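Okay, structure first, notes after.
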Amino acid sequence: MIIVLKAEVTKKQVDHVVTKIKELKLKPVVSKGIERTIIGVIGDEAEVRLQPLEAFPGVEKVMDIQKPYKMVSRESRHQGSTFDLGKDVVIGGKKVVIMAGPCTVESQERIMKLARLMKKSGATVLRGGAFKPRTSPYDFQGLGEIGLKYLAAAKKATGLLIVTEMMDVRDLPLFERYADIIQIGARNMQNYNLLKEVGLSRKPILLKRGMANSIKEFLMAAEYIYSQGNHRVILCERGIRTFETTTRFTLDIGAVPVLKSETHLPVVIDPSHPAGKRAFVPALARAAVAAGADGLIVETHDKPEEAVCDGPQALLPEIFDELMKDLRNIARAIGRDI
Ligand code: PEP
Ligand code: MN
């Protein structure tokens, strides 16, 4: 940490800061320049971060050197994390993991049909919400446990892994039983009690970025899970709110290289929610693979006009199949595989 002092700082004020740092059992290194004096703090920054040093007289600003998201940062682990999601599906490695399926589970027949089609096209994970975070309390809220059971039946029939959203810590036992990957939705990215709870679970977690959250906040949320002991955390960029209204959200494609340099965790892109319209989904999906994403989570539906949720952005299975061919070519071009 570096403490930059104001130009007009007095000796008394410098001594006051130095004393405080020593009290914290850290080493202050005062460096007097021609215009400014700075104090370097040597030792664990976590201790100093708890102190309101910027409130000290004579202090202009305090700059962190270490990342506040210690465990998930690249500094703590230079190599990217690679882990098994189950059934030998590995994320973070050479293979790009494709997760696909409807926004929500609607019926056993439909999820079974879609699971078979997704599998045929090369997906390895089936998505589908059983508990839905809807903006309106009057909208369909999901089938609940029945939906999880339908997902489990589709898994049994196809061998696909299941990713599904959990919104309430009280449902964890259900998710431990039926899900292979627990999704934490954008709206819950900063639900810290939920994050801590899934941090105690042994299931991999797909953490979606909040629609109005910075990458730093996203990584701090991941740190909540990771620091509880669950190291299988997947980050998912799903679009953020900007002034632009032609798409549902603005896909922050730049988040892929940024996250890759800031953290060792695998990064997945959801091209469906930022697109909002199915016509825009394939381009975003292709861009995601080209940018180096470790996976995609895509919404699909065999009859989007009948979809209970997010029909306009659902890809028809045949379009998804076409897209998979493009994605394979793009993956190969960058030395990866699908
Ligand atoms: C979803 O995956 O269907 C969903 C609700 O996503 P998000 O949390 O990103 O809005
Ligand atoms: Mn959706």
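Quick look at the numbers
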| read-out | value |
| --- | --- |
| Filtered residues of region 1-45 (kept if in contact (Cβ under 8 Å) with a residue 24 or more places away in the chain, within 27 Å of M71 (Cβ to Cβ) and either assigned to a loop (DSSP other than H, G, I, E, B) or of a type in the set (A, V, I, L, M, F, W, C) (or both)) | M1, I2, I3, I21, L24, V41 |
| All positions within region 304-325 that are surrounded by fewer than 20 Cβ atoms within 10 Å (Cβ to Cβ), closer than 17 Å to L117 by Cα and not aliphatic (A, V, I, L, M) | P304, P317, E318, D321, E322, K325 |
| Index of the failed condition, I319 passing every other in (1) more than 25 Å from V90 (Cα to Cα); (2) in a strand (DSSP E or B) | (2) |
| Residue in region 232-242 that is on the phi > 0 side of the Ramachandran plot and within 15 Å of the chain's Cα centre (by Cα) present | yes |
| Test: residue in region 121-139 that is polar (S, T, N, Q), within 23 Å of the chain's Cα centre (by Cα) and not in a strand (DSSP E or B) | yes |
| Qualifying residue in region 148-155 (condition: crowded, with 23+ Cβ neighbours inside 10 Å and either among the acidic types (D, E) or not in a helix (DSSP H, G or I) (or both)) | no |
| Residue satisfying all of: in region 253-302; of a type in the set (G, A, S) and over 23 Å from A333 (Cα atoms); farthest from ligand 2 (Cβ to nearest atom) among these | A279 |
| Residue that is nearest to ligand 1 (Cβ to nearest atom), among those in region 302-319 that are in contact with a strand residue (DSSP E or B) (Cβ under 8 Å, 6 or more places away or on another chain) and closer than 19 Å to G122 by Cβ | A314 |
| Any hit, region 78-88, residues being in contact with a Gly (Cβ under 8 Å, 6 or more places away or on another chain), aliphatic (A, V, I, L, M) and surrounded by 19 or more Cβ atoms within 10 Å (Cβ to Cβ) | no |
| Selection count, region 57-102, where residues are among the basic types (K, R), more than 30 Å from Y150 (Cβ to Cβ) and not in a strand (DSSP E or B) | 5 |
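None of the figures in this text is laboratory data; all of them are computed from the coordinates on show. Since we're looking at a predicted model, the values are computed, not measured. With ideal geometry, Cβ positions are generated from the backbone for all residues, glycine too; neighbour counts draw on all protein chains shown.
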